[in-house]
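The values are calculated or read from the model by the stated rules, or taken from the named source; none is laboratory data. Computed from a predicted structure; not experimentally measured. Please note: Cβ atoms are built from the backbone with ideal geometry, for glycine as well, and neighbour counts cover all protein chains shown.
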Protein chains: 2
Amino acid sequence: MGRITNRKNGSRKEVITLAAARLFREKGFPSTGMRDLAGDVGVEAASLYNHIRSKSELLQEICFRVANEFTAQLQEVEADDSLNFLEKLESMVRFHISMWINRLDEVMVTNNESKYLEEPYHSTFLNERRVYVRRLEQIIEEGIRKGQIRQVQPYAVVLTLLSAVRGIEYWHRTKKNISANELEESMIVHMVNGLRK
Amino acid sequence: MGRITNRKNGSRKEVITLAAARLFREKGFPSTGMRDLAGDVGVEAASLYNHIRSKSELLQEICFRVANEFTAQLQEVEADDSLNFLEKLESMVRFHISMWINRLDEVMVTNNESKYLEEPYHSTFLNERRVYVRRLEQIIEEGIRKGQIRQVQPYAVVLTLLSAVRGIEYWHRTKKNISANELEESMIVHMVNGLRK
DNA sequence: CCAAAACACTAACAACTGTTAGTATCTTTT
DNA sequence: AAAAGATACTAACAGTTGTTAGTGTTTTGG
């Protein structure tokens, strides 16, 4: 069999990781076999182990890469003094929407398959998520205190926002219905505008 | 080993099905073994087959039972002439919220594990879901036409509503944060009240 | 209290799992 | 063109999977 890549789409490991993300999303992590993945990449199963350490490592790579991107974006938005707190929240929601639109495989694996992470990775992941949610809550709390956001339950609102964007999964199956931009604006109007005081 | 049940919690098959729902939610369908399920129920794996036909049958049972309950409720609400269209929508959202609060195992399995249904069950399931979503859209469309609901994208709103309630999964892990009633009211205010014209 | 039905058990199956060892081939560097 | 390194291959492993066959035991109905 031929080589995995011609040096175009990044390293060999990267090609494998992205193929894994697609398969993990479609078939789920436990029922994606190394032979499935190998076939998708054009190689025998054993050959994958010249590039990766284990199947679990692939899941870790996907989940923590995505988690880090969300955290990095939050960091930036928190530090951006040109935005008030409602705008900070809106900016983060828009980021989530664009991730769900453009990086469906990785984001869905991070959401739905992270429970298959081994320890201690799973605990670490859940902890990072808790912290992330807490920081979003704090944006809302400060927005309320400063009179920029209506009196709401910050925890419930964050829960709702982070879950609502998961609907984009279904949009991907029937894209003709509505454009990506229309979808984003509709979601922002529905879930963020109503929070303005 | 002793018998599965003492005639209290319904039939033996029902006990198995509910145990399966919990395991399928926690561990995922593919990585829940029949030996896990048997152990949970207090029996050897082979004994399960005196009550069920296969592992797949359990998943079918769970998914279609839940789907039928949602459809039945929608039927009722559609036929209830004492409600205007915004109220019909709110009533359905409240039903979803209460299902996510009180029937987490079965509802999560229906949402997250239905992709493991065998054909033709999987196709049937997806079709039923499409029809269900379409009927909710129609409630919104009529509400707009009658001036009871703001001008919104019905498809995007339904997607958002049905996904937002999935956040309740995380609420279950940290119940102390907020009561079930507070959560429900917060979600309704956040996602339904804003739709009023 | 006996026959029938319901239900649990042990043992085993073929298929599939992630992974390793050992070896061959291709690519890059010297 | 030879040496080194990267990467592919085949073959095989030990463990797990859902499920069946065959048999024994408990409960139910007459």
Out of (1) away from DNA strand C (no atom under 16 Å from the Cβ); (2) under 25 Å from residue A:164 (Cα atoms), the odd one out for residue A:29 is which?
(1)
Filtering segment A:48-68 down to residues that are more than 18 Å from the chain's Cα centre (by Cα) and either crowded, with 16+ Cβ neighbours inside 10 Å or not in a helix (DSSP H, G or I) (or both) yields A:48, A:51, A:52, A:53, A:54, A:55
Of the listed residues (B:150, B:130, B:135, B:173), the one being basic (Lys, Arg), touching a helix residue (DSSP H, G or I) at 6+ places or on another chain (Cβ under 8 Å) and closer than 21 Å to residue A:166 by Cα is B:135
Filter result for residue A:169 (more than 9 Å from chain B (Cβ to nearest Cβ) and either crowded, with 16+ Cβ neighbours inside 10 Å or not in a helix (DSSP H, G or I) (or both)):
no
Condition test on residue A:128, is it assigned to a helix (DSSP H, G or I) and not hydroxyl-bearing (Ser, Thr, Tyr)?
yes
If you go through B:11, B:82, the only one that is hydroxyl-bearing (Ser, Thr, Tyr), at pLDDT 95 or above and on the phi < 0 side of the Ramachandran plot is B:82
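Restrict the check to segment A:69-81 and report whether at least one residue is farther than 30 Å from residue A:185 by Cβ, more than 14 Å from every other protein chain (Cβ to nearest Cβ) and in a helix (DSSP H, G or I).
Of all residues in segment A:69-81, those farther than 30 Å from residue A:185 by Cβ come to none.
No; the residues of segment A:69-81 include none that is farther than 30 Å from residue A:185 by Cβ, more than 14 Å from every other protein chain (Cβ to nearest Cβ) and in a helix (DSSP H, G or I).
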Please find, within segment B:5-37, the residue that is nearest to residue A:27 (Cα to Cα) out of those that are in contact with a Ser or Thr (Cβ under 7 Å, 6 or more places away or on another chain) and assigned to a helix (DSSP H, G or I).
B:24
From the list B:176, B:197, which one is more than 27 Å from residue B:30 (Cα to Cα) and in contact (Cβ under 8 Å) with a residue 12 or more places away in the chain?
B:197
